[in-house]
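Remarks on the structure that follows.
The values are calculated or read from the model by the stated rules, or taken from the named source; none is laboratory data. In this text, all values refer to a predicted model and were calculated from it rather than measured experimentally. Neighbour counts are summed over all protein chains in view; Cβ atoms, including those assigned to glycine, are modelled from backbone coordinates with ideal geometry. Please note that ligands, DNA and RNA were not included when accessible areas were found on the heavy atoms of the full protein model with its side chains. Shrake-Rupley method; radii C 1.70, N 1.55, O 1.52, S 1.80 Å.
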Amino acid sequence: MLDAEFFRRWMTTAAASVDREAERLTALDSAIGDADHGSNMQRGFTAVKAALEKEAPDTPGAVLVLAGRLLISTVGGASGPLYGTLLRRTGKALGDAAEVSEEQLAEALRAGVDGVMALGKATPGDKTMIDALVPAVDALGDGFAAARSAAEEGAVATVPLQARKGRASYLGERSIGHQDPGATSSALLIAALGEAAGGEARDE
């Protein structure tokens, strides 16, 4: 079973991953966006980490609702509302339980992803964070490692796609050949799940 401490560890692990990969995220975004995805995500997850160190909610759902609320208020552009919706919806779906199963997390995360798709009006193949999140949720029933692999493969699979949503869509065919930064940061978030559960951090 997964308790609040696990979810706090997930968020702080994600913060460390975003911090480590911020330059790469910004480089990806400079090709097809505003060149600020890395710095925006870094600012948001730094705020999440600081808040969790200060108040530490005592249920899994409360951890994610707090994290989502902070991402909405601190991350610029479209990423804040999208990531905030992902975590808040997931947290609310978990309810007030002190512990949740991996199956319950998978169901809740699917609700979160559905919320992101509704807000961003994006579907798989649009070259967005959804291209990493949907396969990750589909694979989560087979464990955190499977979800991580699916998310990373989904992010890489955005390279040949033409963006149909977000800033990158303005580039039309020029968006082809670039990995989507949102899908890449989403893959980092999913990878952090396995690390929080005691899996090996990826060697860079």
Which condition breaks for Gly112 when tested against (1) part of a helix (DSSP H, G or I); (2) open to solvent by 40 Å² or more (accessible area, probe 1.4 Å); (3) in contact with a Lys or Arg (Cβ under 9 Å, 6 or more places away or on another chain)?
(2)
How many residues does the stretch 7-31 contain that are open to solvent by less than 10 Å² (accessible area, probe 1.4 Å) and of a type outside the set (Gly, Ala, Ser)?
5
Filter result for the condition that a residue is charged (D, E, K, R) and within 20 Å of Arg24 (Cβ to Cβ), over Glu152, Glu173
Glu152
Please verify whether the stretch 19-42 includes one or more residues that are under 16 Å from the mean Cα position of the chain (by Cα), over 25 Å from Glu152 (Cβ atoms) and assigned to a helix (DSSP H, G or I).
no
Subset of the stretch 139-164 [open to solvent by less than 70 Å² (accessible area, probe 1.4 Å) and assigned to a loop (DSSP other than H, G, I, E, B)]
Gly143, Ala157, Thr158, Val159, Leu161, Ala163
Take the stretch 45-80 and flag every residue that is surrounded by fewer than 20 Cβ atoms within 10 Å (Cβ to Cβ) and charged (D, E, K, R).
Glu53, Lys54, Glu55, Asp58, Arg69
So Gly125, is it open to solvent by less than 40 Å² (accessible area, probe 1.4 Å), closer than 21 Å to Gln42 by Cα, out of contact with any Ser or Thr (no Cβ under 7 Å at 6 or more places or on another chain) and assigned to a loop (DSSP other than H, G, I, E, B):
no
Look at the stretch 81-104 and say how many of its residues are surrounded by fewer than 24 Cβ atoms within 10 Å (Cβ to Cβ) and more than 14 Å from the chain's Cα centre (by Cα).
12
Considering only residues that are within 21 Å of Pro81 (Cβ to Cβ) and either touching a residue at least 60 places away in the same chain (Cβ under 8 Å) or of a type in the set (Asp, Glu) (or both), which ones fall in the stretch 27-61?
Leu28, Asp29, Ile32, Gly33, Asp34, Asp36, His37, Gly38, Met41
Hits in the stretch 67-90 - residues which are in a loop (DSSP other than H, G, I, E, B) and not aliphatic (A, V, I, L, M)
Gly76, Gly77
Taking the stretch 32-44, which residues are open to solvent by 30 Å² or more (accessible area, probe 1.4 Å) and hydrophobic (A, V, I, L, M, F, W, C)?
Ala35
What pairs come out if I take residues in the stretch 98-121 that are within 17 Å of Ala151 (Cβ to Cβ) and pair them with residues that are open to solvent by 60 Å² or more (accessible area, probe 1.4 Å) and hydroxyl-bearing (Ser, Thr, Tyr) whose C-beta lies under 7 Å away, six or more apart or interchain?
Met117/Thr123
